[in-house]
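What follows is a set of notes on a single structure, which appears directly below.
The values are calculated or read from the model by the stated rules, or taken from the named source; none is laboratory data. On a predicted model such as this, the values are computed, not experimentally measured, just so you know. For neighbour counting, all protein chains shown are included, and Cβ atoms are generated from backbone atoms with ideal geometry for every residue, glycine included.
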Amino acid sequence: MFRIIARKMCSVPKSKNTPIPVFGVEGRYVSALYSAAHQMNQLDEVEKHLRSLQKELTKPKIVDFLETSMVSSADKAKLFKQVGEESGMPPAAVNFLAVVAENGRLKLLKRIIQTFLTVMIAHRNEALCEVITAKPLDDISRQALMKALKTFVQKGKNIQLTEKVDPSIIGGLIVGVEDKHIDLSIARRIQMYTDILKQSV
């Protein structure tokens with residue numbers, strides 16, 4: 001079935017494997033989309049439009065439409081294709097959405113898109129890092145943090161840092177590096193000491 005999907009999404013016979021393994025039903029759709037978009041030189045455009053679509057998929061009306069059985073899969077496919085074309089989506093993305101809808105897999109669409117976005121992070125050899133601080137970082141602190149983060153990620157990976165400010169942590173910082181989570185906030189320390197005091201009473 002997924003060979004048929006790949007042919008629908010791209011007429012070029014040679015496939016391109018994803019940079020990281022993907023599994024299950026979602027993985028098969030993502031593999032077909034990645035291969036088609038790569039061959040058509042549309043990866044970046046597909047990613048941009050799917051990120052925008054991902055935000056729309058959280059709206060209640062959209063969720064109801066995806067899950068309703070009152071609209072046939074064929075009609076959903078036609079609608080997705082029409083909306084995709086009118087919004088300027090690249091052909092690889094339009095065909096992907098139509099195939100997912102036609103096969104009755106729209107309930108998996110959010111997970112499929114998220115998996116594709118994860119694949120694109122690996123495609124660019126990026127390491128996503130997030131830091132939360134009580135106040136904005138200055139340049140010196142940011143440079144020191146970037147230097148420290150490089151010791152946590154695989155050599156050669158490009159660090160993509162997202163900064164957030166949350167005064168409730170009081171001071172220190174909370175860092176997320178790919179699948180690692182480090183809480184060095186003052187709020188965490190206070191909570192830790194409070195718990196120790198409670199246990200000693």
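Go through (1) in contact with a strand residue (DSSP E or B) (Cβ under 8 Å, 6 or more places away or on another chain); (2) outside any loop (DSSP other than H, G, I, E, B); (3) among the polar types (S, T, N, Q) and name the single condition S168 misses.
Against the list (1) in contact with a strand residue (DSSP E or B) (Cβ under 8 Å, 6 or more places away or on another chain); (2) outside any loop (DSSP other than H, G, I, E, B); (3) among the polar types (S, T, N, Q), S168 comes up short only on (1).
Which of the residues spanning region 64-77 are loosely packed, with under 14 Cβ neighbours inside 10 Å and in a helix (DSSP H, G or I)?
Matches in region 64-77: D64, E67, A74, D75.
Scanning for something over 22 Å from K16 (Cβ atoms), of a type outside the set (A, V, I, L, M), out of contact with any Asp or Glu (no Cβ under 7 Å at 6 or more places or on another chain) and free of Cβ contacts under 8 Å to residues at least 12 places away in the same chain, does region 107-122 turn up at least one residue?
Within region 107-122, none of the residues are over 22 Å from K16 (Cβ atoms), of a type outside the set (A, V, I, L, M), out of contact with any Asp or Glu (no Cβ under 7 Å at 6 or more places or on another chain) and free of Cβ contacts under 8 Å to residues at least 12 places away in the same chain.
Scanning region 114-134 for residues that are of a type in the set (A, V, I, L, M, F, W, C) and within 20 Å of Q54 (Cα to Cα), which turns out modelled with the lowest pLDDT?
L128
Select, from M192, M146, the only residue that is within 12 Å of A127 (Cβ to Cβ), out of contact with any His (no Cβ under 8 Å at 6 or more places or on another chain) and surrounded by 10 or more Cβ atoms within 10 Å (Cβ to Cβ).
That would be M146, the only listed residue that is within 12 Å of A127 (Cβ to Cβ), out of contact with any His (no Cβ under 8 Å at 6 or more places or on another chain) and surrounded by 10 or more Cβ atoms within 10 Å (Cβ to Cβ).
Report yes if L137 is over 23 Å from L50 (Cβ atoms) and modelled with pLDDT of 90 or more, otherwise no. Spell out how you get there, then give the answer.
On the way: over 23 Å from L50 (Cβ atoms): yes; modelled with pLDDT of 90 or more: yes.
Considered against the rule, which asks whether it is over 23 Å from L50 (Cβ atoms) and modelled with pLDDT of 90 or more, L137 comes out as yes.
Here's the yes/no breakdown for (1) at pLDDT below 90; (2) out of contact with any helix residue (DSSP H, G or I) (no Cβ under 7 Å at 6 or more places or on another chain); (3) not assigned by TED's automatic domain parsing to the domain that holds L50:
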position	(1), (2), (3)
G84	no, no, no
E102	no, no, no
L108	no, no, no
I112	no, no, no
R142	no, yes, yes
K155	yes, yes, yes
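Quick check: is even one residue across region 100-121 over 21 Å from K59 (Cα atoms) and either in contact with a Pro (Cβ under 7 Å, 6 or more places away or on another chain) or surrounded by fewer than 17 Cβ atoms within 10 Å (Cβ to Cβ) (or both)? Spell out the reasoning first.
So the first thing to find is which residues in region 100-121 are over 21 Å from K59 (Cα atoms), and the list is 102-103, 118-121.
Imposing the further condition that a residue be either in contact with a Pro (Cβ under 7 Å, 6 or more places away or on another chain) or surrounded by fewer than 17 Cβ atoms within 10 Å (Cβ to Cβ) (or both) reduces the set to 118-119.
Yes, because at least one residue in region 100-121 is over 21 Å from K59 (Cα atoms) and either in contact with a Pro (Cβ under 7 Å, 6 or more places away or on another chain) or surrounded by fewer than 17 Cβ atoms within 10 Å (Cβ to Cβ) (or both).
Report yes if some residue within region 40-55 is in the same structural domain as I112 (by TED's automatic domain parsing), over 19 Å from I113 (Cα atoms) and among the charged types (D, E, K, R); otherwise report no.
No; the residues of region 40-55 include none that is in the same structural domain as I112 (by TED's automatic domain parsing), over 19 Å from I113 (Cα atoms) and among the charged types (D, E, K, R).
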